[in-house]
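The values are calculated or read from the model by the stated rules, or taken from the named source; none is laboratory data. Since we're looking at a predicted model, the values are computed, not measured. Every residue, glycine among them, receives a Cβ derived from its backbone with ideal geometry; neighbour counts consider all protein chains shown.
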Amino acid sequence: MPVTLSILAPQISKAEFDDEATEFLQKYYPEALATPMAVPIVYVARHRMGLRIVERRLSEDFTILGQMCFTSGLTEIYDKDTDEYREVRVRYGTMIIDPDTVEQRNEGCKNNTIAHECFHWHKHRDYHIATSVHAQKKAIERHCSYDEKPEDTQPQWSDEDWMEWQARGIAPRILMPIKTFGVMVEREHVRISDRKLREKRKDRGAEKCPRSDQSTTKNSRRMR
């Protein structure tokens, strides 16, 4: 029988995603709100949030990129050597990341997955720990899957679907906070503008060079 715990599932609209990301960074890495930078999400997870990150394959077909374990207990991983799923014991606060994420996708995808799981821990931990009373031996976890549910099916979504949608939308905003993103864009715009200006000046100078040569030739003839 499913357990309804909607009161513990945070209600977050898409319009609040940037605010949620800002709140997360204010708590765990305020430096990123003061200076434009690449948020060191692995450092944040391990040293600011106290999470343990381990690399294990979670699915045979690479549909699960990461998993946050909210309680200690048993969880399922995929063993490529034996080509089978098996249970391993994990402890509270363990994040599992597929080791092939960078090879199969890229470094950005791995960082986004870690940010995704960090947000689950930050915002959805109470919900999942509350469900642990109904599963004493199994670790309560939340998967980060590659597949995404279409938003037009939202009326049928479960609490877990909503929380996954929240983490999926907020994770990239944690890595690129709106407060400093504008500064980065402005700096990049200035850099590109300066480069284009230099190129334009160079092009204009190149256009004038033949005329200068021609003038020199004419002057030389006059001197003769």
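For region 62-102, give me every one of the strands (runs of 3 or more DSSP E) that falls completely inside it and has 1 or more residues that are free of Cβ contacts under 8 Å to residues at least 40 places away in the same chain and over 24 Å from the mean Cα position of the chain (by Cα).
Working: elements: 64-69, 73-79, 84-90, 94-97.
It comes to 73-79, 84-90.
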Subject >> Among (1) at pLDDT 95 or above; (2) surrounded by fewer than 18 Cβ atoms within 10 Å (Cβ to Cβ); (3) aliphatic (A, V, I, L, M), the one test that Val39 misses >> reply: (2)
**OP:** May I ask you to verify whether Tyr85 is closer than 30 Å to Gly182 by Cβ, surrounded by fewer than 20 Cβ atoms within 10 Å (Cβ to Cβ) and among the aromatic types (Phe, Trp, Tyr)?
**Re:** no
Subject >> Inter-residue pairs, beta-carbon under 6 Å, first assigned by TED's automatic domain parsing to the domain that holds Pro172 and in region 10-24, second loosely packed, with under 15 Cβ neighbours inside 10 Å, 6+ apart >> reply: Asp18/Ile178
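Within region 42-59, how many residues are in a loop (DSSP other than H, G, I, E, B) and either at pLDDT below 95 or touching a strand residue (DSSP E or B) at 6+ places or on another chain (Cβ under 9 Å) (or both)? If you could, list the steps in order and put the result at the bottom.
Of all residues in region 42-59, those in a loop (DSSP other than H, G, I, E, B) come to 49-51, 56-59.
Then keep just the ones that are either at pLDDT below 95 or touching a strand residue (DSSP E or B) at 6+ places or on another chain (Cβ under 9 Å) (or both); that gives 51, 56-59.
Of the residues in that region, 5 qualify.
Here's a check for you: in region 93-110, which residue that is among the polar types (S, T, N, Q) and in contact with a Leu (Cβ under 8 Å, 6 or more places away or on another chain) is farthest from Ser132 (Cα to Cα)?
First pass over region 93-110, keeping only residues among the polar types (S, T, N, Q): 94, 101, 104, 106.
After this cut, where a residue has to be in contact with a Leu (Cβ under 8 Å, 6 or more places away or on another chain) as well, the list is 94, 101.
Values: Thr94: 15, Thr101: 29 Å.
So, considering only residues that are among the polar types (S, T, N, Q) and in contact with a Leu (Cβ under 8 Å, 6 or more places away or on another chain), the one farthest from Ser132 (Cα to Cα) is Thr101.
Name the single residue, out of those in region 42-61 being under 15 Å from the mean Cα position of the chain (by Cα) and buried (at least 20 other Cβ atoms within 10 Å of the Cβ), that is nearest to Glu87 (Cα to Cα). Break it down into steps so the answer makes sense when it comes.
First pass over region 42-61, keeping only residues under 15 Å from the mean Cα position of the chain (by Cα): 42-45.
Filter once more, so that each one left must be buried (at least 20 other Cβ atoms within 10 Å of the Cβ): 44-45.
Working: Val44: 28, Ala45: 24 Å.
Here the residue is Ala45.
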